[in-house]
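Working notes, structure below.
The values are calculated or read from the model by the stated rules, or taken from the named source; none is laboratory data. Values in this document were obtained by computation on a predicted structure and should not be read as measured data. Positions of Cβ are generated from backbone atoms using ideal geometry, with glycine treated the same way; all protein chains shown enter the neighbour counts. Side chains included, ligands, DNA and RNA excluded: accessible areas come from the protein's heavy atoms. Shrake-Rupley method; radii C 1.70, N 1.55, O 1.52, S 1.80 Å.
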Amino acid sequence: MPIASLPQSALTSLEPTAVLFDLDGTISDSGAAITSAVAEALAAGDYPAISQADLLHFVGPPIRDGFREFGGVAEEDLDRVVAAFRPLYEGRMLAPAFEGMPELVRALHSRGVPLALATSKRRALAMQIVEHSGLTEYFTAQCGASDDGTRAWKADIVEDTLAALRAEGVDVSRAVMVGDRDHDVNGAITHDILSVFVAWGYGTDEERDGASAVATDVGELAQLLGVS
């Protein structure tokens, strides 16, 4: 659906010099793929089933932390359960983009706004998903978690992404982080940049606390990012 046809309200642009996008729950409608793979991995590891609400907590944060915090997986079992999860998820990870998001990415690029991907998903997987969505050419940088998971917290990813943009000569003085979880907001706060919490993702209302702005739909996000 074209951005112009989406409902919009009067919002003031944050006038971004660069935009950092989260992936899961922001661009990619990946909840079903992640939660189903998590549920199957827990079952394979002989852990009890958890509620759908708890499964949704896995969408966004580093996967090891999700299994530890929300799945109750013991430290000595983490490697085994994560190893079970990965092929399950990778076989279904090419989820569709949220309606209107590809058009917004293209519109921002056409206006000369540098874009970057900043996700706690492993970078190699994230790049495949972006490629599947046909959006690779619009991103100046694509940053994500390391394969071994040692660098996966969003604050670290935001740091890496800002450094990658600066290396390309991008002005990040008014960079904006766009995401759907509190770790997106907190990652932006850590590095003193603006943030937009998107309400169509998997975060709760409480997770928006501290965001510079909230977008309830893609049309509102477009206005906040200066696309009208």
Looking at this structure, is LEU108 closer than 24 Å to ILE129 by Cβ, at pLDDT 95 or above, open to solvent by less than 20 Å² (accessible area, probe 1.4 Å) and in a helix (DSSP H, G or I)? yes
Could you look through the stretch 152-170, keep only residues that are charged (D, E, K, R) and assigned to a helix (DSSP H, G or I), and pick out the one that is most open to solvent (accessible area, probe 1.4 Å)? ARG166
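Residues that are in contact with a strand residue (DSSP E or B) (Cβ under 7 Å, 6 or more places away or on another chain) and farther than 22 Å from GLN52 by Cβ: does the stretch 83-92 have at least one?
At the first step, the residues of the stretch 83-92 found to be in contact with a strand residue (DSSP E or B) (Cβ under 7 Å, 6 or more places away or on another chain) are none.
No, every residue in the stretch 83-92 fails to be in contact with a strand residue (DSSP E or B) (Cβ under 7 Å, 6 or more places away or on another chain) and farther than 22 Å from GLN52 by Cβ.
Can you find a residue that is surrounded by fewer than 22 Cβ atoms within 10 Å (Cβ to Cβ) and in a helix (DSSP H, G or I) anywhere in the stretch 8-18?
Start the filter on the stretch 8-18 by keeping residues that are surrounded by fewer than 22 Cβ atoms within 10 Å (Cβ to Cβ), which leaves 8-15, 17.
Within this subset, residues satisfying the condition of being in a helix (DSSP H, G or I) are none.
Taking every residue of the stretch 8-18 in turn, none turns out to be surrounded by fewer than 22 Cβ atoms within 10 Å (Cβ to Cβ) and in a helix (DSSP H, G or I).
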Qualifying positions in the stretch 37-75 - open to solvent by 40 Å² or more (accessible area, probe 1.4 Å) and not in a loop (DSSP other than H, G, I, E, B): ALA39, GLU40, ALA43, ALA44, GLN52, ALA53, ASP54, LEU56, ARG64, ARG68, GLU69, GLU75
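Scan the stretch 149-159 and tell me whether some residue there is of a type outside the set (A, V, I, L, M, F, W, C) and under 22 Å from ALA222 (Cβ atoms).
The initial filter retains those residues of the stretch 149-159 that are of a type outside the set (A, V, I, L, M, F, W, C), namely 149-151, 154, 156, 159.
Remaining after also requiring under 22 Å from ALA222 (Cβ atoms): none.
The answer is no, given that none of the residues of the stretch 149-159 is of a type outside the set (A, V, I, L, M, F, W, C) and under 22 Å from ALA222 (Cβ atoms).
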Looking at the stretch 139-151, can you tell me whether even one residue there is assigned to a helix (DSSP H, G or I), open to solvent by 20 Å² or more (accessible area, probe 1.4 Å) and either among the basic types (Lys, Arg) or over 25 Å from ALA41 (Cα atoms) (or both)? no
Can you find a residue that is at pLDDT 95 or above, of a type in the set (A, V, I, L, M, F, W, C), open to solvent by less than 40 Å² (accessible area, probe 1.4 Å) and farther than 20 Å from ALA213 by Cα anywhere in the stretch 182-192? no
Of all residues making up the stretch 76-105, the number that are part of a helix (DSSP H, G or I) and aliphatic (A, V, I, L, M): 9
Select from the stretch 205-219 the residues that are more than 11 Å from LEU104 (Cβ to Cβ) and open to solvent by less than 30 Å² (accessible area, probe 1.4 Å) and write down the one among them that is farthest from the chain's Cα centre (by Cα). ALA213
